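Working notes, beginning with the structure itself.
The values are calculated or read from the model by the stated rules, or taken from the named source; none is laboratory data. Everything numeric here is computed off the predicted structure, so don't read it as measured data. Cβ coordinates were reconstructed from backbone atoms using ideal geometry, including for glycine residues, and neighbour counts include every protein chain displayed. Just so you know, the surface numbers come from the protein's heavy atoms only, side chains and all, with ligands and any DNA or RNA stripped out. Shrake-Rupley method; radii C 1.70, N 1.55, O 1.52, S 1.80 Å.
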Amino acid sequence: MTYKNFTVETDADGIALVTWDMPDKSMNVFTVEVMDEIEKIVDAVVADAAIKGVVFTSGKSSFSGGADLSMIRGMFSMVEEERAKDPANAVKKLFDGAGRMSWLWRKIETCGKPWVSAINGTCMGGAFELSLACHGRVASNAKSVKLALPEVKVGIFPGAGGTQRVPRLANTQDALQMMTTGQTLTPQRAKAMNLVHQVVEPDQLIPAAKQMIKDGLKPVAPWDEKGFKAPGGGIWTPASAQLWPAAPAILRRETSGNYPAALAILKCVYEGLQVPFDTGLRIEQRYFTEIVQTTEAFSMIRSLFISMQELNKGARRPAGQPKSEIRKVGVVGAGFMGASIAYVTAAAGIPVVLIDRDQEAADKGLGVSQKLVSDAIGKGKLTKEDGEKLVSLITPTPDYAALADADLVIEAVFEDRDVKKAVIEKVEAVLPEGAIFASNTSTLPITGLAKNSKRPVDFIGIHFFSPVEKMMLTEVILGKETGDKALAVALDYVAAIRKTPIVVNDTRGFFVNRCVLRYMAESYDMLIEGVPPVMIENAAKFAGMPVGPLSLNDEVAIDLSYKILKATVADLGEKAVDARHMELVARMVEKEERFGRKNGKGFYDYPAKPAKKSLWPGLKDFYPQKKAEEVDVKVLQERFLATIALEAARTAEEGIVTDPREADVGSILGFGFAPYTGGALSYIDGMGVKTFVALCEKLAKDYGPHFKPTPLLKEMAEKGETFYGRFDPYGQAKQAA
Ligand code: NAD
């Protein structure tokens, strides 16, 4: 029999080597077709007496990335359609759909012949669960091999047997930790956890897997043997009596109860370990059906899985532009940002000319890459050879003539219009025709900067976030005259350095900083009201923000906030900022000399390590303090999320953000907007625009007019619209095509 996605070769020992290699994909993923073919393979193996066992592997450099997005999207639309017709049947269909993979893997496990999974590369989600259902697992020790059940990161959980097999193989604590965080395992760690049997050299993978079968591997899972006991003895043991009461508390500490899928993992494991294996699978299937219907799962899958992949694959790339060849990049300004931009560019294999005012300053910029490389080598993340190659790609120089053959130049000089003007002119004097100029400015509108350029069509903003080597987002900003080629080159460059782009129109603060400033401003309001600082920080974390607003302000630097406030007043007038905010920040900077983490004194104190930072006690003396019981923490949480979401809605209304996917992904990757909501606009869609408008009206009454819902929101509430409906990204794409 032949298959589209698999080849099956049976050797003289009767071992069938099943190689998964999807012809039209760079990575193997589960589709309905793939599952149908696996089922046929299982049936064929069982029916063929000559086959003694199966080695299952991948023909690609990775093993598999797990489920395909189109399958997940198909599941959601199927439920939506079905719900309209027959709600009860929709749930039944969902239940059956949720169990398809699970029972297919169980069929492999109970087919009567031994299966060994030979894991040659990244093995994620359903693919790891398939491997766990095989009787043997061998992993290659290549650096590229990573194993994980990362479902919780997109609002669901390992629902194809993962929650039942992992705690029957590994100890419960490790199993819970791994699944509730979506942690990635090296093959060595997976072996230590008892999740793979052998770790071998890459060229020994298939021979070792076959040998397991030749050595008489039993085609029976441990839990199908009589007398099986889970590691640690299951639930009713002294060790479990210590673990289980603490587990929900630890989870609550880590997630503030915002992630229903993480809690479902605990339930599946706790309940599943007390029943026979098949019943455990059924319990898992029921919880999965429940979780997949939550707003959190829907929104997280949409933003963190589907939209993110679409944006990474160039969803906003203008049609008809050929793929750009970026052979050389110039970075002007080898300071804090420029040095790191050079590093991420060289890490993508692109030669970089790194320019600063003199050789010494340019060399200092190169030093940043040298340090990052030596740290990576020290941690075993980079070989010495690759590290040396990376550094050799960066040429530090004060000589602009070196830009004569650059395809793209990114400036990261001081945030000063005159300095930038001079740099634009100097670069354009040597830059070849058709090359693109990008500014990394964080506050200066691109259209204004482009006025200094002789070719504003080729002028664009590429806004990085610090630390550049860690932050996954870049904001691409279109000036009024920016052309399609500039956008295509910017997006191709962002793809080359493996970051996620969002494309926004020009405005003060662009998208991300506009939202972030709202977050910090709300914390200033709370301080002024006398809310104890610790409650402000904790409320933000309970709302799902990874970093409290005061802590974030310390990282960004309070003197920078002061500068931004002053610049806003200079450009837009006194009324553009809240005078009380100005007073607070001015006092912090001028009187208290508290600039943030950078001088060890901000809203927090930063004692020498290993001591931890703590809120500065002096802050409490700024305003009369409320008692804890006078503060409603739930309302504080709502205020943080609502003020950011409102700002995101304003950017949509103003046409700054044109695609809701970008507001959502940008808000999560840019400043960690409560990921369980799916992002700032999904937060609104998730509760319904009408409910959001009512919330904003209530907050406006109690906390000020900045919460007033905008005309667009009111109109959408009236019409019962959503952001994804009104600004339908797929409709837009269809129109553009
Ligand atoms: P920085 O002061 O660390 O670096 C600026 C560098 O530019 C210095 O090395 C300086 O010597 C060099 N420079 C100044 N004038 C020059 C000239 N005429 N020719 C060549 N080099 C010159 O500043 P930074 O924090 O890296 O910020 C740079 C830009 O990036 C600014 O526009 C800033 O708004 C933007 N930005 C900063 C951040 C951040 O977190 N710091 C984030 C995003 C964007």
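Taking 27 Å as the straight-line reach from the Cα of Lys52, the lysines in range (excluding those fewer than 8 positions away in the same chain) are Lys4, Lys40, Lys60, Lys107, Lys113, Lys191, Lys210, Lys214, Lys218, Lys226. Probing with 1.4 Å while keeping every protein chain in the model, the per residue accessible area of region 329-509 equals 41 Å². Taking only protein heavy atoms and a 1.4 Å probe, the accessible area of region 27-106 is 61% carbon and sulfur. Placing +1 on each Lys and Arg Cβ and -1 on each Asp and Glu Cβ, with no other charges, gives region 329-509 a dipole about its Cα centre of roughly 460 debye. Highest mean first, the peptides 356-366, 452-462 sorted by other C-beta atoms within 10 Å per residue fall in the order 452-462, 356-366. Taking amide H atoms as placed 1.01 Å from N in the peptide plane, the amide H of Val199 lies under 5 Å from those of Ala139, each 5 or more residues away in sequence or on another chain.
Remark: spin-label model distance Gln183-Ile377 equals 3.0 nm, labels positioned 7 Å along the Cα→Cβ axis. Binning all Cα-Cα separations of the chain at 20 Å, short to long from zero, yields these whole-percent fractions: 15, 44, 34, 6, 0.
Under the criterion of Cα pairs below 8 Å and six or more residues apart, the relative contact order for region 1-54 equals 38 percent. Mean silhouette area of region 6-293, derived from the convex hull of its C-alpha atoms and averaged over all directions, reads 15.4 nm². Of the trypsin sites (Lys or Arg not before Pro) found in region 299-349, those in coil by DSSP whose Cβ has at most 15 other Cβ atoms within 10 Å are Lys313, Lys323, Arg327.
Taking a straight Cα-Cα cut-off under 13 Å and skipping sequence neighbours fewer than 8 places away in the same chain, the aspartates and glutamates within cross-link reach of Lys143 are Glu201.
Across region 329-509, the mean sequence separation of Cα contacts (distance under 8 Å, 6 or more residues apart), normalised by length, yields a relative contact order of 20 percent. Rounded to the nearest Hz, the phi-derived 3J(HN,Hα) couplings of region 673-689 under the Karplus curve 6.51 cos²θ - 1.76 cosθ + 1.60 (θ = phi - 60°) are 3, 2, x, 5, 7, x, x, 5, 7, 5, 4, 6, 4, x, 8, x, 4, where x marks glycine and proline.
Give me the percent of the accessible area of region 329-509 that comes from carbon and sulfur atoms, probe 1.4 Å, all protein chains in place. Roughly 55 percent, rounded to a whole number.
Counting lysine pairs in region 318-407 whose alpha carbons fall under 17 angstrom apart, excluding pairs fewer than 8 residues apart on the same chain, gives 6. Heavy-atom accessible surface of region 531-644, averaged per residue, reaches 52 Å², computed with a 1.4 Å probe. Computed over region 184-284, the alpha-carbon pair-distance distribution with 10 angstrom bins reads 12, 29, 35, 18, 6, each value a whole percent. Per residue, region 143-207 exposes 37 Å² of solvent-accessible protein surface, assessed with a 1.4 angstrom probe and all protein chains in place. Rounded to the nearest 5, what is the percent of antiparallel bridges among the DSSP beta bridges in the chain? Restricted to the chain, the bridges split so that about 25 percent are antiparallel. Gyration tensor over the Cα atoms of region 386-517: the corresponding equivalent ellipsoid has semi-axes (square roots of 5 times the eigenvalues, largest first) of 21, 20, 14 Å.
For the peptides 463-471, 18-26, 153-161, the ranking by mean Cβ contacts within 10 Å, running from highest to lowest, is 153-161, 463-471, 18-26. Per-residue Karplus couplings for region 283-293, computed as 6.51 cos²θ - 1.76 cosθ + 1.60 with θ equal to phi - 60°, are listed in order as 4, 4, 5, 5, 5, 4, 4, 5, 5, 5, 8 Hz, Gly and Pro entered as x. Amide H to amide H distances under 5 Å link Gly66 with Phe30, Met124, Ala127, where only residues 5 or more positions off or on other chains count and H is placed in the peptide plane. In sequence order, region 20-37 has phi-based couplings of 8, 8, 5, x, 10, 9, 7, 10, 6, 9, 7, 10, 4, 4, 4, 5, 4, 5 Hz under the Karplus curve 6.51 cos²θ - 1.76 cosθ + 1.60, θ = phi - 60°, and Gly or Pro positions carry x. Out of residues 5 or more away from Thr395 or on other chains, whose amide H comes under 5 Å of its own, with H placed 1.01 Å from N in the peptide plane? Amide H to amide H, under 5 Å and 5 or more residues apart or across chains, Thr395 pairs with Val352, Val353, Leu354.
Contact order, relative form, for the chain: 8 percent (alpha carbon pairs under 8 Å, 6 or more residues apart, mean separation divided by residue count).
Seen against the Cα atoms of the chain and their longest principal axis, helix 87-109 is set at about 60 degrees. Beta bridges assigned by DSSP with both partners in region 329-509 are antiparallel in approximately 15 percent of cases.
With Cα atoms as the point set, the radius of gyration and Dmax of region 92-132 evaluate to 12.0, 37 Å. In the chain, with Lys and Arg counted as +1 and Asp and Glu as -1 at Cβ, which of these residues, Ser58, Met35, Asn141, has the Cα nearest the positive end of the dipole, that is, farthest along it? Among Ser58, Met35, Asn141, the one farthest towards the positive end of the dipole of the chain is Asn141.
Surface composition of region 210-296: carbon and sulfur make up 55 percent of the accessible area, probe 1.4 Å.
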